[in-house]
Amino acid sequence: MFRARTERVIKTIICEIVEECVNRGHSVSETLVGFMVKAVVLNPTNGFDVDHTLSEEDVQRLKQLCLDKLTEESSPGLDTIKMQLYFEMNYALRREFLAEIHRILEFKLSGVRREITDNRAKSRDDFHTLYHQIITYILLRSAIGSPANFNCVQDTNAALQSVLPLNDLGAFLVLLKKDKEQQLKELTMIVTGIRIFNEASKQKEELLSLHKLITNTWHDSDPEQSNSGDDELDCSNI
């Protein structure tokens, strides 16, 4: 009961502060005002007791403190709060960001994966087609190299041959669908690891640039997007 009443009081205070800011020529959002109210109340120097109901005098003092801060001209403190609030509202947590990337990747690969797991290859040509589909899947999932790049396809084919030779593809076909999907993920990690190792071995003492490998994927698959992709990679290193 106490908590519900407090929330109603705070909501009323926020609405009144927003209205007063507008009257003073300042456009502010309820979110910003709510953030400011919380900051002012929790600041011990302001003398508010969060464990007790705010008196009428407390409410008026709270409103005035918030109004002073929200309408202050050229205030670094207010600008900092606005930036912090914008960041919290627009930037996802790293794990959420990565989870969303993986979700999108899985969705985009679903068609290729389905073609592989539902394949009922019988002839030699069917086996070669299936093998090429697996190579395409590995390249797309790893994002290191493009299925349109002959050298990447050749490198991936050589790495895959060392793990799953074409002649052993029959063992893959008899697996259950979920087991095929799991093996595709494992093959992607193993084959990609082999390719990275081979690339690093070629460069001897130089450091391997995954940035370069991934950028080449964009150039091969969509030249128009390559410049924006490069910019994003550069920004990620800041």
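The values are calculated or read from the model by the stated rules, or taken from the named source; none is laboratory data. Everything numeric here is computed off the predicted structure, so don't read it as measured data. When we count neighbours, we look across all protein chains shown, and the Cβ atoms used for this are built from the backbone with ideal geometry, even at glycine.
Would you call Asn157 in a helix (DSSP H, G or I) and surrounded by fewer than 12 Cβ atoms within 10 Å (Cβ to Cβ)?
Numbers: in a helix (DSSP H, G or I): yes; surrounded by fewer than 12 Cβ atoms within 10 Å (Cβ to Cβ): no.
When the stated conditions are applied, Asn157 does not pass them.
Report yes if Thr117 is surrounded by 11 or more Cβ atoms within 10 Å (Cβ to Cβ), touching a Lys or Arg at 6+ places or on another chain (Cβ under 6 Å) and either outside the structural domain of Leu175 (by TED's automatic domain parsing) or modelled with pLDDT under 90 (or both), otherwise no.
On the way: surrounded by 11 or more Cβ atoms within 10 Å (Cβ to Cβ): yes; touching a Lys or Arg at 6+ places or on another chain (Cβ under 6 Å): yes; either outside the structural domain of Leu175 (by TED's automatic domain parsing) or modelled with pLDDT under 90 (or both): no.
For Thr117, the condition - surrounded by 11 or more Cβ atoms within 10 Å (Cβ to Cβ), touching a Lys or Arg at 6+ places or on another chain (Cβ under 6 Å) and either outside the structural domain of Leu175 (by TED's automatic domain parsing) or modelled with pLDDT under 90 (or both) - is not met.
Kindly check whether there is at least one residue in region 176-184 that is farther than 26 Å from Ile101 by Cβ and of a type outside the set (D, E, K, R). Explain how you work it out, then say what you get.
So in region 176-184, the residues farther than 26 Å from Ile101 by Cβ come out as 176.
Checking the rest, the ones that are also of a type outside the set (D, E, K, R) come to 176.
Yes, some residue in region 176-184 is farther than 26 Å from Ile101 by Cβ and of a type outside the set (D, E, K, R).
How many residues are of a type in the set (Lys, Arg) and touching a residue at least 12 places away in the same chain (Cβ under 8 Å) when one looks only at region 13-50?
1
Name every residue in region 43-79 that is exposed (fewer than 14 other Cβ atoms within 10 Å of the Cβ) and hydroxyl-bearing (Ser, Thr, Tyr), in order of residue number. Reasoning before the result, please.
Taking region 43-79 and keeping what is exposed (fewer than 14 other Cβ atoms within 10 Å of the Cβ), we get 43-47, 49-53, 55-57, 60, 64, 68, 72-74, 76-77, 79.
If the condition is that a residue be exposed (fewer than 14 other Cβ atoms within 10 Å of the Cβ) and hydroxyl-bearing (Ser, Thr, Tyr), then Thr45, Thr53, Ser55, Ser74 are the ones that fit.
What do you reckon, is Ile14 touching a Gly at 6+ places or on another chain (Cβ under 7 Å) and either surrounded by 11 or more Cβ atoms within 10 Å (Cβ to Cβ) or not assigned by TED's automatic domain parsing to the domain that holds Arg141 (or both)? Write out each step before concluding.
On the way: touching a Gly at 6+ places or on another chain (Cβ under 7 Å): yes; either surrounded by 11 or more Cβ atoms within 10 Å (Cβ to Cβ) or not assigned by TED's automatic domain parsing to the domain that holds Arg141 (or both): yes.
The answer is yes for Ile14.
Can we say Lys63 is over 30 Å from the mean Cα position of the chain (by Cα) and without any contact (Cβ under 8 Å) to a residue 12 or more places away in the chain? So that I can check it myself, show each step before the final result.
Details: over 30 Å from the mean Cα position of the chain (by Cα): yes; without any contact (Cβ under 8 Å) to a residue 12 or more places away in the chain: no.
No, not satisfied.
State which residue pairs qualify: first residue within 13 Å of Ile134 (Cα to Cα) and inside region 168-185, second residue polar (S, T, N, Q) and part of a helix (DSSP H, G or I) in any location, beta carbons under 8 Å apart, and separation of 6 or more residues or different chains.
Phe172/Gln183; Lys180/Thr117; Glu181/Thr117; Leu184/Thr117
Considering only region 80-93, I want to know if a residue exists there that is within 28 Å of the chain's Cα centre (by Cα), within 25 Å of Val40 (Cβ to Cβ), of a type in the set (Lys, Arg) and surrounded by 11 or more Cβ atoms within 10 Å (Cβ to Cβ).
yes
Wholly within region 1-108, which helices (runs of 4 or more DSSP H) include no fewer than the required count, namely at least 2 residues that are touching an Asp or Glu at 6+ places or on another chain (Cβ under 8 Å)? Before the answer, list the steps.
Details: elements: 2-23, 30-42, 56-70, 76-90.
Qualifying helices (runs of 4 or more DSSP H): 2-23, 56-70.
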